[in-house]
1. Please verify whether segment 169-188 includes one or more residues that are in a loop (DSSP other than H, G, I, E, B) and either under 27 Å from residue 59 (Cβ atoms) or in contact with a strand residue (DSSP E or B) (Cβ under 9 Å, 6 or more places away or on another chain) (or both).
2. Given (1) small (Gly, Ala, Ser); (2) in a loop (DSSP other than H, G, I, E, B); (3) within 22 Å of residue 97 (Cβ to Cβ), identify the lone condition not met by residue 132.
3. Restricting to segment 119-144, name every residue that is over 23 Å from residue 53 (Cα atoms) and either acidic (Asp, Glu) or in contact (Cβ under 8 Å) with a residue 24 or more places away in the chain (or both).
4. If you scan segment 80-105, which residues turn out to be over 16 Å from residue 56 (Cα atoms), within 17 Å of the chain's Cα centre (by Cα) and surrounded by fewer than 16 Cβ atoms within 10 Å (Cβ to Cβ)?
5. Of these, 75, 40, 32, 92, which one is touching a residue at least 40 places away in the same chain (Cβ under 8 Å) and over 19 Å from residue 169 (Cβ atoms)?
6. If the requirement is being in a helix (DSSP H, G or I), in contact with an Asp or Glu (Cβ under 9 Å, 6 or more places away or on another chain), among the small types (Gly, Ala, Ser) and within 30 Å of residue 157 (Cα to Cα), which of these qualifies: 57, 88, 101, 114?
7. Looking at (1) of a type outside the set (A, V, I, L, M); (2) within 23 Å of residue 23 (Cβ to Cβ); (3) touching a residue at least 24 places away in the same chain (Cβ under 8 Å); (4) in contact with a Ser or Thr (Cβ under 9 Å, 6 or more places away or on another chain), which is the only condition residue 61 fails?
8. Step by step: first the residues of segment 1-50, then only those that are among the charged types (D, E, K, R) and touching a strand residue (DSSP E or B) at 6+ places or on another chain (Cβ under 8 Å), then the one that is modelled with the highest pLDDT. Which residue is that?
Amino acid sequence: MHGVMAVFAATGAFLSFFHQGSLGGVAGVLYGRPFAFREGLLVWPWTFFLFTWSAAAFGPCFTLLVTKITEGISGKKLLKDNVVNLLAKIAGWMIFTYIIAKIIDTLYWTLVTAPGLGFDISHFYTDNAFYGYWILITEVVLCGIVPAFLLIRKSTRENSTTRLIAIILGVIGVCLNRWVMVLQVMAVPIMSFDNWALYYPSWQEVATTILPIAYGIIFIALAYRYLPVFPQEKELNVTE
């Protein structure tokens with residue numbers, strides 16, 4: 001079983017890679033939606049690579065956040081500090097490289113792609129609470145550049161408070177990116193007679209969003225209870 005698991009792990013990584021890539025690829029080929037449309041490499045738009053890149057970069061932040069929440073609920077230390085710091089360091093450098101690529105992509109889209117389609121950046125943002133310039137600033141600066149530098153620097157990375165702040169900002173940043181690339185893409189008016197329209201989901205739609213999150217929490221709880229997810233747990237919680 002130990003030898004066979006390598007095949008399952010490789011298959012899972014491959015499927016996850018193309019799952020994220022396809023999500024970004026769909027947005028990038030929407031020629032009729034200039035907010036998302038991107039140039040590309042061969043048949044892949046830049047968003048294909050940005051989605052996989054961001055998932056790999058911010059994924060460790062989510063893993064560390066889930067671990068921290070599990071530690072808080074269980075009242076036990078589950079990972080050694082060197083493991084947490086190593087994972088945080090990897091996340092920091094990956095976020096750093098991703099955010100550089102994201103900034104380059106945004107600038108190219110702003111200065112070349114959108115104007116080439118007859119649009120200015122002001123067409124895609126407005127002063128209302130949902131689709132203002134604050135989204136771009138929050139995603140790239142507050143939830144991108146800031147956590148990258150906090151996790152790259154050893155002093156802030158090894159400080160539990162600043163590390164947790166960076167992790168939370170990173171998770172918020174990647175969620176905001178997905179929100180922008182799905183909802184804002186659909187909401188941006190592209191016809192001269194269109195207006196911004198705000199949509200508020202019904203309780204049924206909210207419920208169907210909460211349900212898979214609840215399933216995930218149950219799955220994590222059962223895995224923690226019955227599977228050796230944290231092999232260092234016993235060593236770190238030995239009582240005299």
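The values are calculated or read from the model by the stated rules, or taken from the named source; none is laboratory data. Owing to the predicted nature of the structure, the values given are computational and were not obtained by experimental measurement. Neighbour counts are summed over all protein chains in view; Cβ atoms, including those assigned to glycine, are modelled from backbone coordinates with ideal geometry.
1. No, segment 169-188 contains no residue that is in a loop (DSSP other than H, G, I, E, B) and either under 27 Å from residue 59 (Cβ atoms) or in contact with a strand residue (DSSP E or B) (Cβ under 9 Å, 6 or more places away or on another chain) (or both).
2. It fails just one condition, (3).
3. Those that are over 23 Å from residue 53 (Cα atoms) and either acidic (Asp, Glu) or in contact (Cβ under 8 Å) with a residue 24 or more places away in the chain (or both): 119, 120, 123, 124, 126, 127, 128, 130, 131.
4. The answer is 103, and nothing else.
5. On the way: 75 fails: touching a residue at least 40 places away in the same chain (Cβ under 8 Å); 40 fails: touching a residue at least 40 places away in the same chain (Cβ under 8 Å); 92 fails: over 19 Å from residue 169 (Cβ atoms).
Among 75, 40, 32, 92, only 32 is touching a residue at least 40 places away in the same chain (Cβ under 8 Å) and over 19 Å from residue 169 (Cβ atoms).
6. Working: 57 fails: in contact with an Asp or Glu (Cβ under 9 Å, 6 or more places away or on another chain); 101 fails: in contact with an Asp or Glu (Cβ under 9 Å, 6 or more places away or on another chain); 114 fails: within 30 Å of residue 157 (Cα to Cα).
The match here is 88.
7. Only one criterion is unmet by residue 61, namely (4).
8. The residue in question is 38.
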